[in-house]
Amino acid sequence: MSRKYPVRAVGLAAVAVVGLGLAACSSSGGGSGSASSSASAKSSSAAGGFTKNNLELIVGTKSDDFYITMECGAQAEAKKLGAKLTVNGPADFSVSEQAPILNSVAASKPDALMVAPTDAKALDPELNRIQTAGTKIIFVDTSSSDASLGESRISTDNVGGGKVAADNLGQQIGGKGTVAVINVNPGISTTDARIQGFNAEMKAKYPNVKVLGVQYDNDSAATAASQVASDIAAHPDLSGVFATNVLSAQGAATGVQHAGKTGKVKVATFDAEPQQITFLKSNTIQLAVAQDPYAEGQDAVQQALNAANGKTVTKAIGTPLTAITQANVNSASVQKYIYKSSC
């Protein structure tokens, strides 16, 4: 069973560091244990101690600040450990754009591949070819539902993060009203898990809150804005919105603004890129559940090198979540969790 960190989420102003199990993934790869990034770092070899050090990182999309921050962590760790690192990724978070990149990896055969697949199943044929050819696979952020794929899975506790969002939003709306849910696309391990946690917590603790059916915005802020605006028009009692990623959050905030409902319709979001933080400071959104993509990038490099060189690999690694609110957004303790637009 995955090791858990204690939840420290008390009220709306608290910094919530949630449990680190890999409930976010459809499968944890059959591993027996998990470790934080600091624990993983202690087991990594000294710089220059790896004979197989040709690594590739394929992110979900090159333009997302979450993945940019992950790349920064990976580049820093690769430099520290003497690894050669190539980073690639699609312009959009899509299977059709990521599949050709994976096919190129199958041809180039790096020692290890760190990858955030854009679907939990659709890319399995490409990933199987890569693994069969001898490249070790490390899943970072998202993952495949096929437990036979990959040496390690590194992610936040997305189910737990969904629960934090539900508790925060449920308290803010007084435990009653109607809530909209905006997601990216079905079949993504992380965002599906956030919805799972959110819905379960709302049902268990806030029975007087009506949660509308999930709407998918295809990773488009404009679509999310339109969906939220329509929900506000169709449901006069709409009191809250849960948005599961960066662009969904931006769109939800814009939709609330355009409807003249800033501060009245509460918005709980996942991720913490700079625009979200601006919206939070202006009270357009009230919660940003921040991940630690920098640590995910570091851990991925460590595990990739270990796997490629026959060293011990940690099967499941959880990285922390932090609830950023207006009460703590300016505190030094949460600044590290705000994503970067460049290294």
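Below, the figures for the structure above:
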quantity: For segment 194-255: Kirkwood Rh in Å [reciprocal of mean 1/r, alpha carbons]; calculated: 12.1 Å
quantity: Accessible surface of the chain, 1.4 Å probe, proportion on carbon and sulfur as whole %; calculated: 50 percent
quantity: Within the chain, helix-based [θ] at 222 nm, where runs of 4 or more DSSP H residues each add -39,500 (n - 2.57), nearest 500; calculated: -12000 deg cm²/dmol
quantity: Of Lys281/Lys340; Lys203/Lys266; Lys84/Lys121, pairs whose Cα-Cα distance is over 20 Å; calculated: Lys84/Lys121
quantity: Computed Kirkwood radius, in angstrom, where 1/r is averaged over Cα pairs of segment 150-256; calculated: 13.8 Å
quantity: Where the Cα pairs of the chain fall when distances are cut into 10 Å bins, in %; calculated: 6, 28, 34, 21, 9, 2, 0
quantity: Signed unit charges on C-beta, dipole axis of the chain, positive-most listed residue Thr325, Thr61, Ala122; calculated: Thr325
quantity: Alpha-carbon centroids, segment 228-272 and segment 123-161: separation in whole Å; calculated: 32 Å
quantity: Percent RCO, i.e. relative contact order, over segment 75-195, from Cα pairs under 8 Å lying at least 6 residues apart; calculated: 20 percent
quantity: Built amide H within the under 5 Å cut-off of Asp271, gap 5+; calculated: Val289, Ala290, Gln291
quantity: Where segment 73-127 is the region considered: accessible area per residue in Å², 1.4 Å probe; calculated: 40 Å²
quantity: Burial order of peptide ranges 229-239, 279-289, 305-315, 110-120 (average beta-carbon count within 10 Å, highest first); calculated: 110-120, 279-289, 305-315, 229-239
quantity: Quotient of Cα Rg and 2.2 N^0.38 Å for segment 60-145, N being how many residues it contains; calculated: 1.04
quantity: Span-like helix ranges in the chain, DSSP H, alpha carbon extent 15 angstrom or more, Kyte mean at least 0.5; calculated: 95-108, 221-234
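The values are calculated or read from the model by the stated rules, or taken from the named source; none is laboratory data. This structure is a prediction, so every number in the text was calculated from the model and none was measured. Every residue, glycine among them, receives a Cβ derived from its backbone with ideal geometry; neighbour counts consider all protein chains shown. These area figures cover heavy atoms from the full protein model, side chains too; ligands, DNA and RNA do not enter into them. Shrake-Rupley method; radii C 1.70, N 1.55, O 1.52, S 1.80 Å.
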